[in-house]
Amino acid sequence: MSCKKENIQNVKNIKVGKPKWLRRGLPSGPEYEKLRSLLKKSDLTTVCQEAQCPNQFECYSKGTATFMIMGDRCTRNCGFCAVDHKPKGLPDVDEAERVAKAVELLKLRYAVITSVTRDDIEDGGASCFVDVIRAIRNTNPKTLIEVLIPDLGGNWNALQTILDAKPDVLNHNIETVARLYPSVRSGADYNRTLELLAEVKKRTPQIPTKTGMMVGLGETVEELHATWTDLRKISCDILTVGQYLQPTAHHLPVERFVSPEEFAELEKQALAMRFSGVAAGPFVRSSYEAEKLYRKAR
Ligand code: SF4
């Protein structure tokens with residue numbers, strides 16, 4: 001991602017069978033239905049719902065949800081991502097207000113705002129992020145706001161626009177190791193991702209930086225360590241690591257399912273590299289335990 005719909009349920013055509021630790025039911029029940037209907041009323045969907053994320057009830061109950069802005073079509077075409085392509089038209093003008101309303105209705109303590117990549121918009125959609133941050137601050141001044149942004153095509157003026165709106169956390173996902181970028185994230189650039197996170201630290205050292213990766217795409221442990229070394233060189237604060245799952249048969253296959261024990265070991269190794277907060281596990285996604293990780297970085 002910026003912003004992938006991390007499709008968890010529709011795993012098809014995988015090279016190896018889905019292991020038992022990944023078999024987990026979707027949330028349901030009256031409390032969940034209440035939340036669903038609240039969101040429906042605001043005419044908004046969360047990434048949590050769209051991706052049928054099994055963590056969503058856990059996140060909602062901790063007062064966290066993730067909203068995707070600027071539509072549901074992307075100008076890029078990453079090999080792991082189920083989002084449609086070719087955006088139709090400009091983002092809705094009332095989107096920021098609708099997100100702020102949903103944050104209020106859900107009484108969120110922590111809102112994650114993400115987007116598709118919009119290379120077709122001059123500032124990459126930076127001003128849309130700013131509008132949403134301001135609208136949430138107006139109506140929900142206590143809500144913490146994390147922005148999970150695209151790479152903005154390397155436009156650091158656009159990045160500065162977002163930083164000026166003072167999000168509480170700036171997240172940009174590195175997704176995978178450098179060697180796999182051509183197949184996994186062909187429209188992006190490993191060094192540009194590092195540069196973006198470095199620019200945030202340089203310009204606003206008080207804002208924690210965060211990034212997320214998928215494993216199971218063919219990377220080696222040595223390559224993961226090399227990526228984390230690169231991230232720590234630019235003082236990236238928070239890291240999330242989760243299992244890649246193939247959204248449809250047309251997407252990249254899963255090369256390997258990483259066991260919960262291996263994830264626990266990876267988390268330990270990343271923490272030893274002095275990230276302030278790390279979450280690693282089969283179901284970990286960008287927003288998992290977001291408030292807890294933020295508090296560790298403060
Ligand atoms: S940039 Fe890539 S990961 Fe993000 S929404 Fe577009 S296709 Fe998906």
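Where a number appears in this text, it was derived from the coordinates with a stated rule and is not lab data. What you are looking at is a predicted structure, and each value in this text was computed from that prediction instead of being measured. Note that we place each Cβ from the backbone using ideal geometry, even for glycine, and neighbour counts take in every protein chain shown.
Between amide H atoms placed 1.01 Å from N, distances below 5 Å from CYS74 occur with ASP84, HIS85, LYS86, all of them 5 or more places distant or on a separate chain. Ordering of 106-114, 215-223 by packing is 106-114, 215-223, highest average first (other Cβ atoms within 10 Å, averaged per residue). Computed from the C-beta positions of ARG73 and ARG192 and an R0 of 22 Å, the FRET efficiency is 0.50 to the nearest 0.05. Packing around the peptides 170-180, 288-298, taken as the average count of other Cβ atoms within 10 Å per residue, puts them in this order, highest first: 170-180, 288-298. Summed over qualifying helices (DSSP H, 4 residues or more, each -39500 (n - 2.57)) and divided by its residue number, the chain shows a 222 nm mean residue ellipticity of -10500 deg cm²/dmol. Our note on the geometry: Cα centres of region 213-273 and region 35-71, 25 Å apart.
Applying 1/(1 + (r/R0)^6) with R0 = 35 Å to the Cβ-Cβ distance of ASP164 and SER37 gives a FRET efficiency near 0.45. Length available on full extension from LYS86 to LYS18: 0.36 nm per residue minus the Cα-Cα distance, which gives 21.3 nm. Here is the link list: LYS86/LYS201; LYS41/LYS86; LYS18/LYS40; LYS88/LYS202. Which ones come out longer than 30 Å on Cα distance? Cα-Cα > 30 Å for LYS86/LYS201; LYS18/LYS40; LYS88/LYS202; rest within. Once you sort the root eigenvalues of the Cα gyration tensor of region 256-298 as a ≥ b ≥ c, which label holds: rounded (a/c under 1.5), prolate (a/b larger than b/c) or oblate (the other case)? Oblate shape, in that a/c is at least 1.5 and b/c is the bigger or equal ratio. The value obtained for region 227-276, namely the Cα convex hull volume divided by the number of residues, is 94 Å³ per residue. Applying 1/(1 + (r/R0)^6) with R0 = 41 Å to the Cβ-Cβ distance of LYS268 and THR139, what FRET efficiency is obtained, to the nearest 0.05? About 0.50, to the nearest 0.05. Name the residues of region 243-266 whose amide N is less than 20 Å from a point 7 angstrom out from the Cα of ARG179 along the C-beta direction? Inside the label zone: 243-245, 252-259, 263, 266.
A Cβ-based charge dipole, computed about the Cα centre of the chain with Lys and Arg at +1 and Asp and Glu at -1, lands at about 680 debye. Highest-first packing order for the peptide set 68-75, 259-266, 126-133, 155-162 is 126-133, 68-75, 155-162, 259-266, based on the mean count of other beta carbon atoms within 10 Å.
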